[in-house]
Amino acid sequence: MSVTLDDIRAAAGRIRGHVVETPLVRDEVLSARLGQPVWLKCEYRQATGAFKLRGATNAILSLAPDALARGVVTASTGNHGRALAHAARALGVPATVCLSRLVPGNKVQAIRDLGATVRITGASQDEAMVEVARAVAQEGMTEIPPFDHEAVVAGQGTLGPEIAPLTPDAVLVPLSGGGLAAGVAVSIKALSPATRVIGLTMENGAAMAASLAAGHPVEVAESPSLADSLGGGIGLQNRVTFAICRDLLDDAILLTEAEIAEGIRHLGRAGHVVEGAASVGTAAMLAGKFVPQGPTVTILSGANIDPALHARIMAEAA
Ligand SMILES: *Cc1c(COP(=O)(O)O)cnc(C)c1O
């Protein structure tokens with residue numbers, strides 16, 4: 001395994017004080033309805049509203065001093081871009097985020113507000129990635145990718161030791177590029193071997209689930225989803241996360257958009273304002289696609305949902 005429990009323990013030491021140990025809160029409604037304790041790991045309470053701060057912080061703190069001085073770069077507009085910008089500023093390291101002209105102005109401003117230098121280039125994400133490659137080759141910046149990177153996986157894996165003492169029967173993990181699922185699976189399987197680790201994602205454009213089914217990384221067509229943070233491919237040249245997910249995940253479960261909306265609504269009623277990606281474990285239990293056989297933990301991975309969209313979903317009849 002390219003990431004070990006020792007790597008995750010080292011990451012936990014590095015990021016201590018830079019990220020919070022988020023609460024584990026019992027979902028009393030689901031626990032009563034399903035007859036097993038259901039716990040919510042509230043990762044949406046990290047400073048940038050998502051667990052990605054763990055991986056980004058560990059990746060930056062793993063760099064040598066000369067690399068730190070030259071700075072870090074990414075093309076992500078989502079939770080990874082926010083996390084990298086926030087962590088870099090907190091650690092006094094220059095961060096650059098390369099965006100295409102198509103990224104909306106409010107998203108550009110949000111990244112500037114986090115202290116990153118924004119470079120607008122080209123008319124697509126692919127062209128923004130060309131600028132990342134140029135900054136790496138010509139300016140000596142270090143690219144910190146959103147998931148397929150050992151230090152990022154180890155950082156996300158620091159969630160495992162916070163969950164393992166419950167020795168749950170199952171941990172439900174939102175699954176996209178697999179950085180979160182890989183890190184959590186490595187630490188949970190080492191610390192609580194009988195615990196099942198299950199990946200959850202949307203039916204529309206689930207690249208890792210399709211890749212696991214095919215036995216190798218594949219591309220899938222993308223379509224809009226309430227779980228927008230779960231979109232995107234895993235990379236046909238995937239190095240780290242595919243193999244770990246293949247070897248350690250016990251199952252992958254796919255959710256419809258209506259099921260994801262129901263998950264958001266259920267959590268919203270209990271005061272957890274989360275994005276679609278964070279609701280997939282809850283959605284699976286509500287839909288009967290995952291039936292708890294013992295104590296179950298579901299990771300509420302992020303909070304970054306447009307408030308108007310959240311209000312619209314809450315107002316819809318179940
Ligand atoms: C990135 C992200 C995920 C998926 O993480 P991967 O490591 O790409 O599998 C899930 N939920 C939220 C909120 C995210 O930002």
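Some observations on this one:
- Given +1 at the Cβ of Lys and Arg, -1 at the Cβ of Asp and Glu and no other charges, the dipole of the chain around its Cα centre is 660 debye to the nearest 20.
- Overall dimensions of the chain, expressed as equivalent-ellipsoid semi-axes from the Cα gyration tensor (√(5λ), whole Å, largest first), are 30, 22, 18.
- Neighbour count of at most 16 Cβ within 10 Å plus DSSP loop: longest trypsin sites (Lys or Arg not before Pro)-free window in the chain: 102-238
- For the chain, accessible area per residue (1.4 Å probe, heavy atoms of protein chains only), Å²: 40 Å²
- Accessible carbon and sulfur surface of the chain relative to its total accessible area, %, 1.4 Å: 53 percent
- A straight Cα-to-Cα reach below 30 Å connects LYS289 with the lysines LYS41, LYS52, LYS189, residues fewer than 8 places away in its own chain not being considered.
- Over the range 236-306, volume per residue of the alpha carbon convex hull, in Å³: 127 Å³
- Mean residue ellipticity, 222 nm, helices only, the chain: the sum of -39500 (n - 2.57) across DSSP H runs of n ≥ 4, divided by residue count and rounded to 500, is -12500 deg cm²/dmol.
- Enclosing the Cα atoms of the range 53-143 in their convex hull gives a volume equal to 75 cubic angstrom per residue.
- Computed accessible area, HIS266, all protein chains, 1.4 angstrom probe, square angstrom: 10 Å²
- Mean separation of Cα pairs under 8 Å and 6 or more residues apart, divided by the residue count, gives the range 53-143 a relative contact order of 32 percent.
- Gyration tensor verdict on the range 1-122 (Cα atoms; rounded if a/c is under 1.5, prolate if a/b is larger than b/c, oblate otherwise): oblate
- As an equivalent ellipsoid, the range 133-277 spans semi-axes of 24, 20, 16 angstrom, where each value is the square root of five times an eigenvalue of the C-alpha gyration tensor, largest first.
- Relative contact order, percent, the chain [alpha-carbon distance under 8 Å, six or more residues apart]: 19 percent
- Total charge dipole magnitude, the range 53-143, about the Cα centre, Cβ charges on Lys, Arg, Asp, Glu only, Debye to nearest 20: 260 debye
- Rolling a 1.4 Å probe over the protein chains gives HIS216 an accessible area of about 90 Å².
The values are calculated or read from the model by the stated rules, or taken from the named source; none is laboratory data. Not measured: the values here are computed from a predicted model. Cβ: placed from backbone, ideal geometry, glycine included. Neighbour counts: every protein chain shown. Note: areas computed on protein heavy atoms with side chains; ligands, DNA, RNA excluded. Shrake-Rupley method; radii C 1.70, N 1.55, O 1.52, S 1.80 Å.
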